[in-house]
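Notes to accompany the following structure.
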Amino acid sequence: MGSGSACRRFLYVERMNDPVLRQKLSAAVVGEPVYTVDELMEATGTPRALADELWLALGFPLAGADDSARIYCEIDVEALRSLNGLLSLGLVDHDALMSLTRVMGQAMARLSSAEAEIFDEVLRMLVSRDADGLLDEEAREAVIELLVPGVERFVTYTWRRHLLASMNRRLDTGTDAVVVGFVDLVDFTKTTRRLPEEELAGLVARFERHVYETVTNSGARLRKLLGDGVMFDAPDAATAAGAALALVMRCAEDPHMEGARGGLAAGGALELEGDLYGETVNRSSRLSALAYPNTVLADRAVGDEINGQAGFSVKRLGSRSVRGLGRVDISVIRATLL
């Protein structure tokens, strides 16, 4: 880093430690702090123990011992009233509310971190010019409008679309049986040792782009990205196999990657807080680890379901010992011309 960049960074950090600037930033994002914790409890009718539990579930540490500090805003009142409404109407019980809160907190923490990273230069400009008196009120409000309400509207839109899709999946699915798929990059650990951070970030971004363009577009449901891998599920073997094969092929064709390998397994799975658990998930993951580069392995249930279907070929490999699962009948799934 050059001396000029280092100097600018120092000034940025120094200015962000200015309590006045911190207060202005906080007010712009969440509003003016006007409530103590006791006043917040009184305004919402929330027991302190429940409020503390919700706060921790969202991913925030509890405030210090000074209960007289005014650190809560109108948005805190609105949020607690809404959650209390869910409980009082009996729409959710305590455990379900905590589960929803944990998932929301984790999702929003990742989203906000990504937003702060993406708009880092804008944030620095906002703080620096504010400190120098170069940013007038109108310009400040325009920047905050883009960073807060603008993104907030997009978050609401995305959540509504995903909520509708999840409701439709619930209505369409008549069984707990799913096909779970894992695909991970080959030699990723070795790659992390030889690539500088910027190139590694580019590689991960390329992989994620391949995931969204193949898995999501296939009709499978993306469950989670794992850095060098992805887990997804589908209601039928053909959809899951199509997703896995498309992603493996895309990674094999990418000159920046060493290829990928996949595993597919069918059966029951426990869905909890948006994730899947159980033997089917473990079997799929183990098969992915056993696969050769640029191939997809499947258990017997998946192989039987897609055997003979147009677009796929199934080669039986017989029974193999799989760590932690005993012996599993395995097949190699390949794509064929229709």
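In terms of packing, defined here as the mean over residues of other Cβ atoms within 10 angstrom, the peptides 253-260, 287-294 line up highest first as 287-294, 253-260. Against the chain, whose longest principal axis comes from its Cα atoms, helix 48-57 is set at around 50 degrees.
Rounded to the nearest 0.05, what FRET efficiency do E42 and L337 give with R0 = 56 Å and r taken as the Cβ-Cβ distance? Could you check? For R0 = 56 Å, the calculated efficiency reads 0.20. A dipole drawn for the chain from +1 and -1 charges on Cβ atoms has a positive end, and of S321, H210, G259 the residue lying farthest that way is S321. Taken about its Cα centre, the chain carries a charge dipole of about 1840 debye when Lys and Arg each add +1 at the Cβ and Asp and Glu each add -1 at the Cβ.
Exposure proxy for T46, T156, T216: other Cβ atoms within 10 Å of each Cβ, ordered fewest to most, give T156, T216, T46. How large is log10 of I(q)/I(0) for the stretch 268-337 at q = 0.20 Å⁻¹ when the intensity is taken from the Debye formula with one equal scatterer per alpha-carbon? Log10 I(q)/I(0), no solvent term: -0.86. Exposure proxy for M167, M104, M231: other Cβ atoms within 10 Å of each Cβ, ordered fewest to most, give M167, M104, M231. Modelled label positions at L325 and Y212, each set 7 Å beyond Cα in the direction of Cβ, lie 3.0 nm from each other. Out of [x] 0.91; [y] 1.00; [z] 1.24, which label holds the value of Cα Rg over 2.2 N^0.38 Å that was computed here? Matching the structure shown: [z]. Helical runs assigned H by DSSP (4 residues or longer) give the chain a calculated mean residue ellipticity at 222 nm of -17500 deg cm²/dmol, each run adding -39500 (n - 2.57) before division by the residue total. Segment L270..L200, full-extension length gain: 21.8 nm, with 0.36 nm per residue of separation and the alpha-carbon distance subtracted.
Given the C-alpha atoms of the stretch 174-335, compute the convex hull and give its volume per residue in Å³.
Numbers: hull volume 18.1 nm³, N = 162.
Convex hull of Cα atoms, per residue: 112 Å³.
When the chain is treated as a GNM with alpha-carbon contacts under 10 Å, the residue of A96, A265, A246 showing the greatest mean-square fluctuation is A96. Compute the long axis of helix 3-16 from its Cα atoms, compare it with the longest principal axis of the Cα atoms of the chain, and write down the angle in degrees, 0 to 90, nearest 10. Orientation of helix 3-16: about 60 degrees from the principal axis.
For L91 and Y292 in the same chain, what is the full-extension length gain: residue separation times 0.36 nm, less their Cα-Cα distance, in nm?
Working: separation 201, 0.36 × 201 = 72.36 nm, distance 4.81 nm.
Additional length available on full extension: 67.6 nm.
With a Förster radius of 45 Å applied to the beta-carbon distance between D66 and T158, the computed FRET efficiency rounds to 0.75. When the chain is treated as a GNM with alpha-carbon contacts under 10 Å, the residue of V103, V92, V302 showing the greatest mean-square fluctuation is V92.
Net charge near D329, counting Lys/Arg +1 and Asp/Glu -1 over other residues with Cβ under 15 Å of its Cβ? Let's see the in-between values first.
On the way: positive: R283, R286, R300, K315, R316, R320, R327; negative: E279, D299, D304, E305.
Result for the neighbourhood of D329: +3.
Could you state the angle between the C-alpha long axis of helix 279-290 and the longest principal axis of the C-alpha atoms of the chain, as a value from 0 to 90 degrees rounded to the nearest 10? So the helix axis and the longest Cα principal axis differ by about 70 degrees. Dipole of the stretch 174-335 computed with +1 at Lys/Arg Cβ and -1 at Asp/Glu Cβ about the Cα centre; of L185, F232, L222, farthest Cα towards the positive end is L185.
Could you work out how much longer the chain between A114 and L171 gets when fully extended? Use 0.36 nm per residue separation minus the Cα distance between them, nm to one decimal.
Working: separation 57, 0.36 × 57 = 20.52 nm, distance 3.28 nm.
The A114-L171 span can extend by a further 17.2 nm.
For the stretch 174-335, with only Lys/Arg (+1) and Asp/Glu (-1) charged at the beta-carbon, what is the dipole magnitude about the Cα centre, in debye rounded to 20?
Numbers: 19 positive and 22 negative charges, 128 e Å.
Rounded to the nearest 20 debye, it is 620 debye.
Throughout, read-outs are computed from the coordinates displayed, never taken from laboratory work. Every value quoted in this text rests on a predicted model; they were computed, and no experiment measured them. Glycine gets a Cβ as well: all are built from the backbone with ideal geometry, and neighbour counts include every protein chain shown.
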